[in-house]
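Every read-out reported here was derived from the displayed coordinates using simple, explicitly stated rules and does not represent laboratory data. In this text the structure is predicted, and so the values were computed from the model without any measurement. In this analysis, Cβ positions are derived from the backbone assuming ideal geometry, glycine residues included, and neighbour counts consider all displayed protein chains.
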């Protein structure tokens with residue numbers, strides 16, 4: 001398998017030109033199901049197995065889970081900022097460096113799943129109560145000064161869940 005396929009096992013995110021309510025509902029369900037899917041994949045793994053990587057020089061399963069916690073906490077903050085401010089500029093963070101911190105490397109996987117589940121429960125509650133007009137609100141990503149609507153952000157994070165779930169599945173299979 002080539003490095004691009006290992007890096008993007010489900011491909012890169014594709015956002016439809018016209019986002020419909022069926023997309024929104026499916027993406028919310030993807031985000032809602034993610035912690036359960038991750039739990040199913042990792043709960044019985046040993047510490048050694050949690051160290052498997054999805055590609056050479058990639059993150060371990062434990063780091064992928066930690067990254068999802070970090071990323072999705074940041075997403076909730078981005079969504080809430082866009083809901084309460086006009087076109088806020090979001091703060092990027094050093095994902096690779098965060099993945100090397102002790103809370104990612106040493107925190108128990110069950111506690112990590114509990115945290116991921118809590119973040120997703122609160123996030124989904126917010127998402128399920130947004131009106132169409134709120135989903136059109138946006139934040140500015142400083143990389144390229146890109147304006148991202150919440151419905152586009154929702155598409156990206158639904159993809160992000162599937163993307164990293166596949167990384168976990170691949171790490172278990174390939175055992176890099």
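Summary table below
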quantity: Per-region count, region 14-29, residues surrounded by 13 or more Cβ atoms within 10 Å (Cβ to Cβ) and closer than 13 Å to residue 132 by Cβ; calculated: 3
quantity: Members of region 32-61 found to be buried (at least 17 other Cβ atoms within 10 Å of the Cβ) and not in a helix (DSSP H, G or I), listed by number; calculated: 45, 52, 53, 54, 55, 58, 59, 60
quantity: Number of the exception - residue 11 against (1) farther than 21 Å from residue 136 by Cβ; (2) buried (at least 16 other Cβ atoms within 10 Å of the Cβ); calculated: (2)
